[in-house]
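First comes the structure, then the notes that go with it.
The values are calculated or read from the model by the stated rules, or taken from the named source; none is laboratory data. Small disclaimer: the values here were computed from a predicted structure and weren't measured. Note: ideal-geometry Cβ built from the backbone for every residue, glycine included; neighbour counts use all protein chains shown.
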Amino acid sequence: MTLDTFTFSKHFLEDRCDRCGRCLHECPVLQLPLDAAQAEIRALIETGDSSVLDRCTGCMACNSLCPKGANPHTLIVSRWRARYERRGIPVRGRLVLPYQKPNLFTLGIERLPKDERDLVQKWEQNWQNPPSHDTMLYAGCNMLVQPFLLDSALFAGMPIFGSTDICCGEPLYRMGCWDAVQAVAGHLRDEFNRMGLRRVMVPCHAGYYLFKHVYREVFDVDLGLEVVSIFDWLHDRIAEGESSITPLNKTAVLHDNCWPKASGDYFFDKVRDLLALLGVQVLEPEHTRERALCCGMCAAAARYSLRDIVRASKKRLAEFDRVDADMVVDYCGGCNWLFALADNLSLSKRPKPLYHLFEVLQMAVGETPKHRTAGRANAVVRAMIGPLARGYLTPKRFWIDEIEGKHIAHRTD
């Protein structure tokens, strides 16, 4: 069956919703009985109060499952947004939000080995003083924490730029901090215009969809440039023989991240086709494609809880363990390091290695991946222990009042 695409919207499209409950009944996380699902969708619409708001991991499967295209994910996020506007965010939440420093990204970058710090410094210079290229590769926050993933001849000749000061803002969108997202969108539009960019290559689907769709369709901000997924670009290069490939003859259990669901089958098929070109046979986990479970990253949006993140991540890792494959492969930098973090917290050793798709590509072209994800996750955990513990000990909450010099609505508790 062909999977339909869905578009992003400012509001839940209530006039399309017939309260059938399918979105919550077939949700891979909630799996509510149909009568309970119908009751909860009515509660979300009519009162804004539902247990769904404490259990949802933000995987967007509900948008794919809705037969009417009503965008129930927008309904859930809008309720989180109202909660944020009313109550703010616990101080511990600051650690996972971009532009709120220090955060896990800035702390992680501080602990990079010298070769990777040099890469990040070069990318930051390319942002501050851009070379005369109208096409560049954008390294978002997850790539700044794992710069070794882009340290490959695959990207030779493609200038890379990035900084924590130009994060795409995806966690802010998913957690309902939409006034902050509006400011981020304007900030990035101004920066990309200053850089003279006409085309930006994006190695992360979160950034791709924000730049190409969410900013324009939800926040009325057009970045004024062409946005291209690096996976399209890599697939075409490999398919056209621009890079010499040695088939790996491996099997992999594949993790699909949340964002590609918006394009129906397109990116799900694209990534699988790319792995086939590399000689990797994909074996599917229990939940896959539009029904794939979230890595756990956005489970924090429900209750701002580290426990929810780790629990969701371990549940997904357990699905991978049940598949007899040579390796686990994902294609999202955030999923990649979060899985490594949850893996490190587990008492049992995983039966198969975890690779980002870029590392699989590196192997296929004869490079040896640095594969530093596990150590990076450990470094991030060590850096966050103190600030996270202090955050859990205080009842204080906060609202975001500024994004890179752009003031936004501010409230205090």
Quick one: is residue 64 touching a residue at least 60 places away in the same chain (Cβ under 8 Å) and either among the hydroxyl-bearing types (Ser, Thr, Tyr) or over 30 Å from residue 155 (Cβ atoms) (or both)?
yes
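A quick yes/no check of all residues on (1) buried (at least 20 other Cβ atoms within 10 Å of the Cβ); (2) closer than 27 Å to residue 394 by Cα; (3) in the same structural domain as residue 371 (by TED's automatic domain parsing):
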site	(1), (2), (3)
77	yes, yes, no
110	no, yes, yes
122	no, no, yes
132	no, no, yes
136	yes, no, yes
162	yes, no, yes
166	yes, no, yes
173	yes, yes, yes
Residue count, the range 138-159 (criterion: more than 20 Å from residue 371 (Cα to Cα) and surrounded by 18 or more Cβ atoms within 10 Å (Cβ to Cβ)):
1
If residue 184 satisfies all but one of (1) without any contact (Cβ under 8 Å) to a residue 60 or more places away in the chain; (2) of a type in the set (Val, Ile, Thr); (3) more than 23 Å from residue 358 (Cβ to Cβ), what's the number of the condition it fails?
(1)
Does any residue of the range 256-263 turn out to be in the same structural domain as residue 339 (by TED's automatic domain parsing), over 17 Å from residue 362 (Cα atoms) and more than 18 Å from the chain's Cα centre (by Cα)?
no
Filter the range 86-137 down to the residues that are part of a loop (DSSP other than H, G, I, E, B) and over 19 Å from the mean Cα position of the chain (by Cα) and list them by number.
88, 101, 102, 111, 112, 113, 129, 130, 131, 132, 133, 134
Exactly one of 222, 232, 236 is more than 22 Å from residue 128 (Cα to Cα), surrounded by fewer than 19 Cβ atoms within 10 Å (Cβ to Cβ) and over 20 Å from the mean Cα position of the chain (by Cα), and that one is 236
Determine whether residue 115 is surrounded by fewer than 16 Cβ atoms within 10 Å (Cβ to Cβ), among the acidic types (Asp, Glu) and in contact with a helix residue (DSSP H, G or I) (Cβ under 9 Å, 6 or more places away or on another chain).
yes
Near pairs, Cβ below 6 angstrom, 6+ apart or cross-chain, from the range 309-325 (more than 15 Å from residue 336 (Cα to Cα) and touching a residue at least 40 places away in the same chain (Cβ under 8 Å)) to any residue that is crowded, with 17+ Cβ neighbours inside 10 Å and small (Gly, Ala, Ser):
325/252
Qualifying positions in the range 351-377 - in contact with a Ser or Thr (Cβ under 6 Å, 6 or more places away or on another chain) and either within 17 Å of residue 139 (Cβ to Cβ) or buried (at least 24 other Cβ atoms within 10 Å of the Cβ) (or both):
362
Which numbered condition in (1) part of a helix (DSSP H, G or I); (2) over 20 Å from residue 103 (Cα atoms); (3) of a type in the set (Ser, Thr, Tyr) is the only one that residue 355 fails?
(1)
Within the range 158-199, of all residues that are of a type outside the set (Lys, Arg) and in contact with a Gly (Cβ under 6 Å, 6 or more places away or on another chain), the one nearest to residue 138 (Cα to Cα) is 168
Residues in the range 358-413 that are touching a Lys or Arg at 6+ places or on another chain (Cβ under 6 Å), farther than 19 Å from residue 340 by Cα and not in a loop (DSSP other than H, G, I, E, B): how many?
2
Complete set of residues in the range 21-75 that are of a type in the set (S, T, N, Q) and at positive phi
31, 71
Filter the range 239-255 down to the residues that are touching a helix residue (DSSP H, G or I) at 6+ places or on another chain (Cβ under 9 Å), assigned to a loop (DSSP other than H, G, I, E, B) and free of Cβ contacts under 8 Å to residues at least 40 places away in the same chain and list them by number.
242
